[in-house]
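**Q** Would you mind keeping the following structure in view while I ask a few things?
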Amino acid sequence: MKRFIDKVETLLEALPYIRRFAGKTVVIKYGGNAMTSSELKPGFAQDIVLLKYVGISPVVVHGGGPQIGSMLERLGIETHFVRGMRVTDERTMDVVEMVLVGKINKEIVTLINSHGGRAVGLSGKDGGLVIAEKLSQEMGMVGRVVEVNPKVIEALTAGNFIPVIAPVAAGPNGESYNTNADLVASAIAGALKAEKLILLTDVEGVRGENGELLPQLRASEAQSLIAKGVVTEGMIPKVECCIAALKNGVGRTHIIDGRVLHAVLLEIFTDAGVGTVITREAS
């Protein structure tokens, strides 16, 4: 009997959060181990479907860097990186679009649907969802997001579908741009005025000066950690994405450990969470 009582108590702990976030939009950037582990993938799909069934509107934006790298290697196409970004010529862009839109996107859609969801896959090019411009001549077809038109997402969520978005953006002349998935997720969250932006990572969260995990930060504190060199390397753009999303009207942002099974539900529906929350003000 205690086992059943524990289950009920878990549901009761989630109840205030379900009540608070029902009817709200949550944008989730899906990547890292959570997207490649055979043990974690079903759990992520279940999390997304459950959010939908309790009245929350999840919007998934996914990455795919390792898969792109593997395909380029198989095709014998050399890859170069500048400041952590893949230099993308036209041939590489064809592979990026093929892998992100044609393969990974459809796999995620199928995964969510197999667990009872109604997912629809699209890229930033569909409905003019994400418009980008060239970041620099040096980077080739790497894009900087300049505009998000969220009407296609709003239409899908109104129809009880779950949008799953590949980070390939449209240029002014219809060309394709390879855009960073974290940046796309941040821009989409801001355009939707989402309640939450959640970035799944392969680390526990943001760490402080003594190496301790920081469960909560104000945006100003996060900026200070970057300035002091405490937040470094790949965590810098993730924190900056969160700060940008907050400035654009997102309620809260989260950098969480996607290696934890059901990390999305644990972050949204429990008191402890599984990462770092970045907010505009202390709460």
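The values are calculated or read from the model by the stated rules, or taken from the named source; none is laboratory data. Worth saying up front: this structure is predicted, and the values here are computed from it rather than measured. No Cβ is skipped: glycine too gets one built from the backbone with ideal geometry, and neighbour counts run over all protein chains shown. Remember, those area values only see protein heavy atoms, side chains included, never the ligands or the DNA or RNA. Shrake-Rupley method; radii C 1.70, N 1.55, O 1.52, S 1.80 Å.
**Q** Can you return the lysines within cross-link range of K41? Criterion is Cα-Cα under 16 Å, with same-chain partners fewer than 8 residues away left out.
**A** Answer for K41, where 16 Å is the Cα cut-off: K29, K103, K106, listed by chain and number.
**Q** Sorted by average packing, counted as other Cβ atoms within 10 angstrom per residue and highest first, what order do 228-238, 102-112, 37-47, 157-167 take? Working shown, then result.
**A** Details: 228-238: 14.5, 102-112: 18.8, 37-47: 17.3, 157-167: 21.1.
In descending order of packing, they fall as 157-167, 102-112, 37-47, 228-238.
**Q** Quick check on the stretch 47-137: what does the Kirkwood estimate of hydrodynamic radius come out to from the alpha carbon pairs, in Å?
**A** 15.1
**Q** Another one. Can you list, bin by bin at 5 Å, the percent of alpha carbon pairs in the stretch 169-283, starting at 0?
**A** Taking all Cα pairs of the stretch 169-283, the binned fractions are 2, 12, 21, 23, 20, 11, 5, 3, 1, 0 percent.
**Q** Applying 1/(1 + (r/R0)^6) with R0 = 45 Å to the Cβ-Cβ distance of Q223 and D89, what FRET efficiency is obtained, to the nearest 0.05?
**A** Details: r = 35 Å, r/R0 = 0.77.
The calculated FRET efficiency here is 0.85.
**Q** Using helices alone, what [θ] at 222 nm do you get for the chain, with -39,500 (n - 2.57) per DSSP H run of 4 or more residues, divided over all residues and rounded to the nearest 500? Spell out each step's value before the answer.
**A** Numbers: 11 runs with 114 residues, N = 283.
After summing the helix terms and dividing by residue count, I get -12000 deg cm²/dmol.
**Q** Now, a different point. Need one number: nm distance between label points at S37 and V8, each 7 Å from Cα along Cα→Cβ, rounded to one decimal.
**A** Result: 3.2 nm between the two label points.
**Q** Still on this structure, please answer the following. To the nearest 0.05, how large is the calculated FRET efficiency for I236 and Q137 if R₀ is 22 Å and r is the Cβ-Cβ distance?
**A** Numbers: r = 24 Å, r/R0 = 1.08.
That pair, I236 with Q137, gives E of 0.40.
**Q** Here's a follow-up. So what is log10(I(q)/I(0)) for the stretch 131-193 at q = 0.15, 0.18, 0.24 1/Å, when the Debye sum runs over its Cα atoms only?
**A** -0.47, -0.64, -1.01
**Q** With charges set only on the Cβ (+1 for Lys and Arg, -1 for Asp and Glu), what does the dipole of the stretch 104-185 come to about its Cα centre, in debye to the nearest 20? Before the final figure, lay out each step's value.
**A** Working: 6 positive and 8 negative charges, 41 e Å.
My answer is approximately 200 debye.
**Q** Given that compact globular proteins tend to follow 2.2 N^0.38 Å, what is the ratio of the alpha-carbon Rg of the stretch 14-100 to that value?
**A** On the way: Rg = 17.3 Å, N = 87, 2.2 N^0.38 = 12.0 Å.
Normalised Rg, Cα atoms only: 1.44.
**Q** R0 = 30 Å: FRET efficiency of R20 with R144, Cβ-based, nearest 0.05?
**A** Working: r = 34 Å, r/R0 = 1.15.
E(calc), rounded to 0.05, equals 0.30.
**Q** Which whole-number value in Å² is the accessible area per residue of the stretch 23-95, probe 1.4 Å?
**A** The answer is 47 Å² per residue.
**Q** So, one more: Let me know the charge dipole size of the stretch 61-211 about its Cα centre in debye, to the nearest 20, where only the beta-carbon of Lys, Arg (+1) and Asp, Glu (-1) is charged.
**A** On the way: 14 positive and 18 negative charges, 67 e Å.
Computed charge dipole of the stretch 61-211: roughly 320 debye.
**Q** Measure off, as a whole percent, the carbon and sulfur share of the 1.4 Å-probe accessible area of the chain, all protein chains present. Numbers along the way, then the final one.
**A** Working: 7130 of 13350 Å².
Here it works out to 53 percent.
**Q** What base-10 log of the normalised intensity I(q)/I(0) is obtained for the chain from the Debye formula, alpha carbons as equal point scatterers, at q = 0.09, 0.11, 0.12 Å⁻¹?
**A** Reported log10 I(q)/I(0), two decimals: -0.41, -0.61, -0.73.
**Q** Oh, and also: Charges at C-beta only: +1 for Lys and Arg, -1 for Asp and Glu. How large is the resulting dipole of the stretch 22-80 about its Cα centre, in Debye rounded to 20?
**A** Values: 5 positive and 4 negative charges, 56 e Å.
Dipole size: approximately 260 debye.
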